[in-house]
Amino acid sequence: MQKKIVLSDKEIPQFYYNLQADLPFSLDPPLHPGTRQPVSPEDLTAIFPRALIEQEMSGLREVPIPEDIRRVYAIYRPTPLIRATELEKALNTPARIYFKHEGASPVGSHKPNTAIAQAYYNKQEGTRRLVTETGAGQWGTALAFACRTFGMECKVYMVKVSFDQKPYRKILMQVYGAEVIASPSVFTKAGRAILEKDPNCPGSLGIAISEAVEEALGRTDTKYALGSVLNHVLMHQTVIGLETRIQLGLAGETADVIIGCHGGGSNFAGLAFPFIRDKINGAKIDIIAVEPESCPTLTQGKLEYDFGDTAGMTPLLKMYTLGHDFIPPSIHAGGLRYHGAAPLVSLLKEHGLIRAEAVSESSIFRSAVLFAQAEGYIPAPESAHAVDMAIREALKAREEAKEKVIVFNLSGHGLLDMQSYQAYLMGNVAEDASDDRNRSFGIAC
Ligand SMILES: Cc1ncc(COP(=O)(O)O)c(C=O)c1O
């Protein structure tokens, strides 16, 4: 039995995998916010570089990863695939549980996989400055790091509730040289409109996106970068699943269950898409996206065209959505507070290639603590949603006496989320009466 399956630098993927090439159904196009007609590549050039627009619309199965990007990936990629042996023992399950440790990146999450690519392609086309939004701060940190790597300026609109809850994330972005603003802010029309209605608004990803896009549209030296949802972002993240497939092969395993937490869809897609290809080709794999009960986009949203942001400035995307003016409650998993879901993930859900589950906040912290006590790693509250579902599946395998292989994405570590853990340990995260799993673990936690 091997605890860690580690690949060499040479095995950093040479191509991103574009699932669109293999889908038996096609994606509905994004619509222009003004005309409601399909957007043309030209419509997007005000905010994105051409290379990324091409990737967004590409039908090519394998998109080569430039050497300059692979060189930066080599700082932390390939990430290890780790067998959660101690968790298996704690759960007394016949399942074999593996996690892909994306928290091993310098900024602590999967987000640099696309931040590095986006900064690189922008730099190639002469962009001097990138502006973005961030929820929990993980994406902003990743983009700040990537901009620093390629010698660009970076400005981040950070959702106010996380700005206040996660001061160290803000400092991390500042260490990489980024400017960080709490959103909603008085610096944009979109921010001022929200603050006029509610001066204490906790913010949301949708609002922060409006602010960042407004700034990018108003400056010729600045482009916008998005940390999730769009096709090219999901495609950059497929390095996760491509490596995982090789690592499972080395361990002599075939995945039965694939799990990722779901905010906008990028870490879930990154792990899952290469396995969706196997599923389309006949493999039997249960692929699960896990979201918070308080922001149940995939499980309770409607599949329809909606804006990606609150002010209605972005193209309309066909996706599961809770409505672009939905402001989710201030939960600890700030990165999962998004009203929409990636159009590609939405399409997979519609066609039954994946399923979605919503879990409660108390449940995810209970599972995160159990995982930390068994395996040592402290998950980000977002990633704890995947941990929680992996534990549920492992317990199901125990009930059914089945030897399943369960693989989940540990999308980030939680070492800067101690306030959240403190709230949980002090009993300040509401208990979910309907969840009785804590009594079925069979161990104290
Ligand atoms: C650690 C971590 N996991 C998951 C997410 C959710 O984003 P996505 O669904 O795009 O992976 C975030 C977002 O900030 C995050 O920081």
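Annotations for the structure displayed:
- Within the listed set 58, 109, 162, the Gaussian network model of the chain (springs between alpha-carbon atoms below 10 Å) gives the highest mean-square fluctuation for 58.
- GNM top mover of 158, 426, 57 - the chain, alpha-carbon springs below 10 Å: 426
- Lysine pairs meeting the criterion (Cα under 26 Å, 8 or more apart or interchain), as found in the range 1-159: 14
- The alpha-carbon of residue 404 sits under 13 angstrom from the alpha-carbons of these aspartates and glutamates, leaving out residues fewer than 8 places away in its chain: 88, 253, 256, 286, 393.
- Summary of the geometry: the range 41-79 and the range 376-391, compared by the centres of their Cα atoms, lie 29 Å apart.
- At full extension, residue 251 and residue 304 could sit 14.9 nm farther apart than now, given 0.36 nm per residue minus the alpha carbon distance.
- Loop sites in the range 266-347: trypsin sites (Lys or Arg not before Pro), DSSP, at most 13 other Cβ within 10 Å: 284
- When only alpha carbons are used to place a centre, the range 184-245 and the range 121-139 end up 10 Å from one another.
- When 69, 280 are arranged by Cβ crowding within 10 Å, least crowded first, meaning fewest neighbours, the order is 280, 69.
- Among 222, 297, 238, sorting on how many other beta-carbon atoms sit within 10 Å of each Cβ, with the fewest leading, yields 222, 238, 297.
- Excluding same-chain neighbours fewer than eight residues apart, the aspartates and glutamates reachable from residue 166 by a Cα-Cα span under 16 Å are 133, 179, 382, 417.
- Treating r as the C-beta distance of residue 60 and residue 175 and R0 as 51 Å, the FRET efficiency rounds to 0.85.
- Of the residues 247, 373, 237, the one that moves most in a GNM of the chain with alpha-carbon contacts below 10 Å is 373.
- Between the helical axis of 384-400 and the longest alpha-carbon principal axis of the chain there is an angle of about 30 degrees.
- Angle between the chain longest axis and helix 112-124 axis [Cα atoms, degrees, rounded to 10]: 30 degrees
- Within the range 245-359, percent of DSSP bridges classed antiparallel, to nearest 5: 40 percent
- Counted residue by residue at 0.36 nm each, then reduced by the alpha carbon distance between them, the extension gain from residue 125 to residue 355 reaches 78.9 nm.
- Where GluC sites (Glu not before Pro) fall in DSSP loop in the range 65-162, at most 11 other Cβ within 10 Å: none
- At full extension, residue 28 and residue 400 could sit 129.9 nm farther apart than now, given 0.36 nm per residue minus the alpha carbon distance.
- The chain: angle of helix 266-280 to the longest principal axis, Cα-based, in degrees nearest 10: 60 degrees
- Global form of the range 161-286, assessed from the alpha-carbon gyration tensor, a/c cut-off 1.5: prolate
- Taking every DSSP beta bridge that has both ends in the chain, the antiparallel portion is near 35%.
- Approximate spin-label separation residue 415-residue 36, in nm, with each point projected 7 Å along Cα-to-Cβ: 5.1 nm
Read-outs throughout are calculated quantities, based only on the coordinates presented, and are distinct from any laboratory measurement. Treat the numbers as computed from the prediction; the structure is a model and nothing was measured. Using ideal geometry, Cβ is built from the backbone for each residue, glycine included, and neighbour counts are taken over all protein chains shown.
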